[in-house]
Structures are given as C-alpha cells and as structure tokens.
Amino acid sequence: MQQQPAKLKAPGAAAGAAGAAGAKVDPAAAAAFLKLTLEEQRRVDVAKYSEEIYYSERYSDDESEYRHVSLPEGLRKYLPHPPRLMSETEWRGLGVRQSAGWQHYMVHEPEPYVLLFKRERDFQLKYAPSAVVGASVNAAAAPLGGAHIK
C-alpha cells in the first residue's frame, strides 16, 4: 500500500477539518496561500535561470562598444509588453549582470528577448576611479553618446 503525500492546509481551515464537507475557506486567502505573487515568482525565476543568460563577446566601432544578451525562455515573460527600452534597474532585475556604463539602446523586434547594449568605448579606462583622479570634472561627468547602429 502506497503512502499518500501530506496535504497542505488552507489558511482559516480548522485542524483536521480541511477536507471536511462544508468547511468554509476564503478563496482569496487560499489563492494567496497556494500561489506566489508575480514579483515573488519573478525572483524565483531569476535565481533559477540567471546562469542560462547568454552574453555575447563585446564588439565595437570608433565611438562605442556593443554586446547583446539573450534571455532564456523562463525569463522572457518578464519583458515589457509592448517591447521597449529598459532602464538599468529593469534589466538588472531580470538577472542581467554587466559592468558599469551599459545602456539598453535598441529593441530587436523579431527577437525582443535579445537585449542590445552599448556604452562609450573604453568606458572602464575613462571612468574607473583611478582614471578619474586628477581628470577634469567635465570629462568625468561626460554623458554617454546616443547614436544608434543602422
């Protein structure tokens, strides 16, 4: 004879009365008990799939360096709909890990789960703490360029 797995008791159910006929359980409380919020589920999924995020090698032109990042299937449902550029807080919230200075600069409509990033060429050399010491305030605070690749 196989042993039955233990059943979870819904909030508000009396001990031993969860399966009794006529037991009243608040449906909203039961749903909250059994399901994670969207934000909680996103955190679980980011932890689960973050090692599957693909990071391309960096490539560059005369002004900027670029890379693309491909999100695994399990994280794609958290992308904004309709597709749009994301802030650093948003893409980091999806588990994307990169050094400073990267901007999500373009949405590739056929594959919105491929995030296209750019930053000023030699950003780390120019804006590393040791490189800024002694540099002019204007050079240290220079904004990143906004050019797009066509």
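The values are calculated or read from the model by the stated rules, or taken from the named source; none is laboratory data. What you see is a predicted model, and the numbers here were worked out from it, not measured in a lab. All Cβ positions, glycine included, derive from the backbone under ideal geometry; neighbour counts span all protein chains shown. Note: accessible area is taken over every heavy atom of the protein model, side chains too, but ligands, DNA and RNA are not part of it. Shrake-Rupley method; radii C 1.70, N 1.55, O 1.52, S 1.80 Å.
Structure summary
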item: Residues located in segment 60-87, provided they are open to solvent by 90 Å² or more (accessible area, probe 1.4 Å) and within 11 Å of the chain's Cα centre (by Cα); result: K77
item: Condition check for D26: open to solvent by less than 100 Å² (accessible area, probe 1.4 Å) and at pLDDT 95 or above; result: no
item: Unmet requirement for Y66, which otherwise passes all of (1) in a helix (DSSP H, G or I); (2) touching a residue at least 60 places away in the same chain (Cβ under 8 Å); result: (1)
item: Only one of E57, E39, E51 that is modelled with pLDDT of 95 or more, surrounded by fewer than 14 Cβ atoms within 10 Å (Cβ to Cβ) and in a helix (DSSP H, G or I); result: E51
item: Residue within segment 102-110 that is within 30 Å of K126 (Cβ to Cβ), under 12 Å from the mean Cα position of the chain (by Cα) and open to solvent by less than 20 Å² (accessible area, probe 1.4 Å) present; result: no
